[in-house]
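*Asks:* For reference, the structure I am asking about is given below.
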């Protein structure tokens, strides 16, 4: 069975990785040494960058959704009878598919 990967799933997975990385950084806070300090600094930089990418992806997804809704609204307003016909056709198709089972 092929599992569909969505943007929402990827963002959620990235949030989980960021959360785990933050927990690791907190857990090593008491560790001393130059290597540990450098690793912590790189991890903190990566966490900040990942959080910024998550926020950007959320804003981009919201903008794309608004644009799609606006385009659909414009189409329906310009072509009301075509929209009614499409909706009726989809409704009939769904009804046929449901009754086949």
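*Asks:* Do we find a residue being outside any helix (DSSP H, G or I), surrounded by fewer than 10 Cβ atoms within 10 Å (Cβ to Cβ) and under 20 Å from the mean Cα position of the chain (by Cα) anywhere in the stretch 32-40?
*Replies:* no
*Asks:* Among (1) over 29 Å from the mean Cα position of the chain (by Cα); (2) part of a helix (DSSP H, G or I), which single condition is residue 76 missing?
*Replies:* Answer for residue 76: the failing condition is (1).
*Asks:* Is it true that residue 100 is over 25 Å from the mean Cα position of the chain (by Cα), over 26 Å from residue 7 (Cβ atoms) and modelled with pLDDT of 80 or more?
*Replies:* Values: over 25 Å from the mean Cα position of the chain (by Cα): yes; over 26 Å from residue 7 (Cβ atoms): yes; modelled with pLDDT of 80 or more: yes.
Yes: the conditions hold for residue 100.
*Asks:* Being more than 26 Å from residue 7 (Cβ to Cβ), more than 27 Å from the chain's Cα centre (by Cα) and surrounded by 10 or more Cβ atoms within 10 Å (Cβ to Cβ), is that true of even one residue in the stretch 42-63?
*Replies:* The answer is no; no qualifying residue exists.
The values are calculated or read from the model by the stated rules, or taken from the named source; none is laboratory data. Please read all numbers here as calculations on a predicted model, not as lab measurements. Backbone-built Cβ (ideal geometry, glycine too); neighbour counts: all protein chains shown.
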